[in-house]
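Q: Below you'll find the structure I mean.
The values are calculated or read from the model by the stated rules, or taken from the named source; none is laboratory data. Remember, it's a predicted structure, so these values are computed and weren't measured experimentally. Here the Cβ is made from the backbone with ideal geometry for all residues, glycine too, and neighbour counts use every protein chain on show. What goes into the accessible areas is simple: the full protein's heavy atoms, side chains included, and nothing from ligands, DNA or RNA. Shrake-Rupley method; radii C 1.70, N 1.55, O 1.52, S 1.80 Å.
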Amino acid sequence: MVARVCSGSPHPRDREWHTRFAAARGESGLAVQEPTFTDLETLAVLLQHGDAVVSNAGTILLDALANDRPAVCVLYDEGAPPGESWALKNVSGEHYKPLFESEAFYRANNFEELVAGMERALSHPGELAADRARIVRLVLGDVDGHAAGRVADAILAVVD
């Protein structure tokens with residue numbers, strides 16, 4: 001049997017996270033990080049070693065793809081009135097357009113699609129790998145550990 005680890009990290013401003021993630025907390029193979037603005041090391045470990053990531057877009061989705069992790073993007077709010085979705089609004093910004101238009105992750109418009117996406121991500125982890133790599137290059141550029149040097153060079157170029 002292969003152990004599967006799926007991770008989640010509530011938004012730091014989510015005051016109802018205990019209730020929202022109650023079913024997942026304590027389950028074998030699931031990790032829910034407590035919401036925080038500062039514990040990025042734990043989040044990095046979850047993103048680097050989890051088998052799949054569930055996210056409602058934002059930077060966590062991009063981080064998952066940059067770590068070559070299959071991801072499911074949640075595009076609905078459980079119990080929200082029809083037509084209302086903060087989750088969908090998270091991906092509507094112009095800066096997320098290339099990411100959202102990509103085929104680099106699975107989409108979930110309801111709970112059934114979330115379950116199906118996770119099952120697909122876990123059973124076929126390499127299925128969207130080429131799309132993940134393509135969108136990461138497009139949105140992030142080179143992920144090679146030398147970004148700080150490029151930023152410093154850009155600042156120096158502007159200052160000169």
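Q: Quick one: in region 111-130, of everything that is touching a Lys or Arg at 6+ places or on another chain (Cβ under 8 Å) and outside any loop (DSSP other than H, G, I, E, B), which residue is farthest from Val91 (Cα to Cα)?
A: Leu122
Q: Within region 94-119, which residues are closer than 18 Å to His49 by Cα and open to solvent by 70 Å² or more (accessible area, probe 1.4 Å)?
A: Glu119
Q: What single numbered condition from (1) modelled with pLDDT of 75 or more; (2) closer than 22 Å to Phe111 by Cα; (3) not acidic (Asp, Glu) fails to hold for Val32?
A: That leaves (1) as the condition not met.
Q: Which residue is most open to solvent (accessible area, probe 1.4 Å), if the candidates are limited to region 43-93 and must be touching a strand residue (DSSP E or B) at 6+ places or on another chain (Cβ under 9 Å) and of a type in the set (Ser, Thr, Tyr)?
A: For region 43-93, the residue satisfying everything is Tyr76.
Q: For region 125-151, name all the residues that are open to solvent by 60 Å² or more (accessible area, probe 1.4 Å) and either of a type in the set (S, T, N, Q) or free of Cβ contacts under 8 Å to residues at least 12 places away in the same chain (or both).
A: Ala130, Arg137, Asp142, Asp144, Gly145, His146, Ala148, Arg150, Val151
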